[in-house]
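Report on one structure; see the data block that follows.
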Amino acid sequence: MAAQSPTGAPTFATLGAGALALVNDEPVAAPGDDVLGTGPAAARLARLLHASRGSTPFTLAVDAGWGMGKSSLMRLADARLRAEPGVETVWYNAWTSTGADALEGLVKSVLVRFERRTLKRALARISRGRTVVRGVRAVTTALGGALGAAGLVDELWTSWDAGPEARNGMREDIGRMAREWAGNRPRRLLVVFIDDLDRCSEETVLAVCEALKVYLDVPGLVFVVGCDRSALGPSGLLRDLSPAGSAFMEKIFQTSYRIPVADNDGVARYVEWCARAAGIHGILDEELKKLLVERSGRNPRRIKRLVNGFVLEATLNPVWSGFRPEAVIRTLLLQYFYPEFYRMMTGASGAPGEDVVQEFTTYRRVRRALLSPVPPAAQGPPLEYASVAEAGTFFEQYELSAPAGEQDPAQALELLERRLPIGFPEHADDQGFTSLLADLLELPDAERLLVLLREGAPAAVEGPDYAEPAPGPYGDLGGEVYGAWTASAGGGTPYGAETPYGRQLPFPEPSSQRRQAQQSYPVPAQAQAQPSPGYSHPVPPAHPWDTGAGPPPVRELEGVRILWIDGKRPSNRAVVRWMRNLGAAVTVVRAADASREMTVFRFDLLISDLTRDGDRVAGLGDLQTWRSSGTYTGPAAFLSSRITPEHRDAAAELGASMFNSRGKLLGYATDVAASLRAARAAEPSGPAPPPSDGPPG
């Protein structure tokens, strides 16, 4: 018999685990998989490119945001063009190369499409102008027929790489080969598709653009580049370019096509297709499908992520066994779109009664009552506004007095918000957030759900202690290391928007946006702390550390000694293992043992919890004591899901940083390690010689 929720509705127990499957994230490559109807646009693009072969060379940008179908459109157009006579195509993923290698890789990918005889003639011509030894060897190799096209291309590149003079003739050599290959009218066409350019580093982007404009801008070639133009603009990845560099980038793309957002009907069909592929179509009613369409910002990749998250939760998380699907969907939406608030929901939030949801809803009611010039009786539903008594009780919880008499309510609210989590005011004004939270709270089993999210199912919290070695080269940090994934529409925070938690980044984040975040990210106030003049070690600024391109370089924390003061919470085990696998020596102790450890050993970084044993600022008090006594003077950081402006400022006065994400904390630790390495490298290798008053004797 299928399990039922308290209201009798079907729960996850009605799903057979074997019937569920994950949906892949590959772009559409065949017409049969084209659920969103990209095929007609791809066919028209292919016809247009073929008809424009007499106008080559030119570069077209297929412009769209993350996950909006650039690769799918290009793949389908590629398939169409390959069926046309006299057309060759190349697919080049810019993300597979770095820096100068990208220029070489792209040029070689183009040249290898030319006939072998064209390559041999070019190599023979180039070799005649070289030194005798090099010329004889190259001509013999080319004319002897021992090499295939790839080998001939390698020889050509070696010839061009011989020096500046050879490189200067590269464009002319390639142009001559292209004209020979393309022939006369009707001209043959080589279409080069370049994908994921906006995921690359600035150096790689510039190398690819150099190849396009300087060396491959020759007749017969067309380049179709999939990218988010905003990420490559002057306010994005390439913000630090000189005026000359910016002018050069403006010349790269002759025209752009912006992929439109799919309509609601098309996205609804896509949701249905994903649900069927995952095996959950039987439990997604029309209301839930509509919710996915609206909250995903009609982004196909986000829809897949949500569906896959739903499947994983249904299969692996015992918390959901007694809940209905809509509870899981709404919880996942909160987790993906508002990760900082979700962390407070599911951890030790420090809220009264440890219920941050109740804290926020009460705050929102109090805020409305204080800021509204209209008496509550005339404002609307009374549940939306706090009474005078409720507001007074709420202020008292934070050791404040509610405004009375002539006191300015806005000033009283400002004092209150300094003791509330950063982000509460913005969330209160976010209609998408408030409606999503309200929908979750209206579920019949919402109270039981929130308790389980905070406390976890018993099987979910069992596990070995910190001393257990990590099973692999990297710990499992889950979604935190890979950055916060947020909505671009439908109630979420837009990509790149500033929030009190920092710049919101997509999940997984393209490396171009990752580099942009590292270069231009306005350091959150909680991470701007610099130590007081008496402290001996500088605290480097922090940045959000994400790894959308894969795991971080190994051993980034080599030689760093970290003291982690923690109540041995299972939730921190993963980041401790990760730090150890990156080379750090991490000692985890309780607060009572921390002073003894610091008097015996020297530590390079102190990490502490903020709240313990009912004291919301215990960590700050301990650090103040250690700073004053000189027990510890190095960089320090607090990890807390709940960061208030008051706590943040107090940490800054102690020369400490404060983070609400283990991923950001890990990024801070790598910055500390880099600072230590630089300081140690600058130290003299031996004792300085004694000063001398003059020459000996």
**Report entry** Fully extended contour minus Cα-Cα distance, from Arg121 to Asn317, at 0.36 nm per residue
**Finding:** 64.2 nm
Requested in this report: Roll a 1.4 Å probe over the protein chains and send me the accessible area per residue for the stretch 611-657 in Å².
Outcome: 37
Query - GluC sites (Glu not before Pro) within the stretch 398-437, DSSP loop, no more than 11 other Cβ atoms inside 10 Å - result: Glu399, Glu406
Report summary line: Counting sequence-distant residues (5 or more places) and residues on other chains, those with an amide H built under 5 Å from that of Val588 are Trp564
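What are the GluC sites (Glu not before Pro) within the stretch 179-226 that DSSP puts in a loop, where the Cβ has at most 10 other Cβ atoms within 10 Å?
Here no loop site has a sparse enough neighbourhood.
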Report summary line: Burial-style ranking of 45-52, 555-562, 589-596, average other-beta-carbon count within 10 Å with highest first, yields 555-562, 45-52, 589-596
Query raised in the report: Leaving out same-chain residues fewer than 8 places away, which lysines sit with a Cα under 19 Å from that of Lys289?
Result: Lys304
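The values are calculated or read from the model by the stated rules, or taken from the named source; none is laboratory data. As the structure is a prediction and not an experimental result, all values here were calculated from the model. Every residue, glycine among them, receives a Cβ derived from its backbone with ideal geometry; neighbour counts consider all protein chains shown. Areas reflect the complete protein model, heavy atoms only, side chains present, ligands, DNA and RNA absent. Shrake-Rupley method; radii C 1.70, N 1.55, O 1.52, S 1.80 Å.
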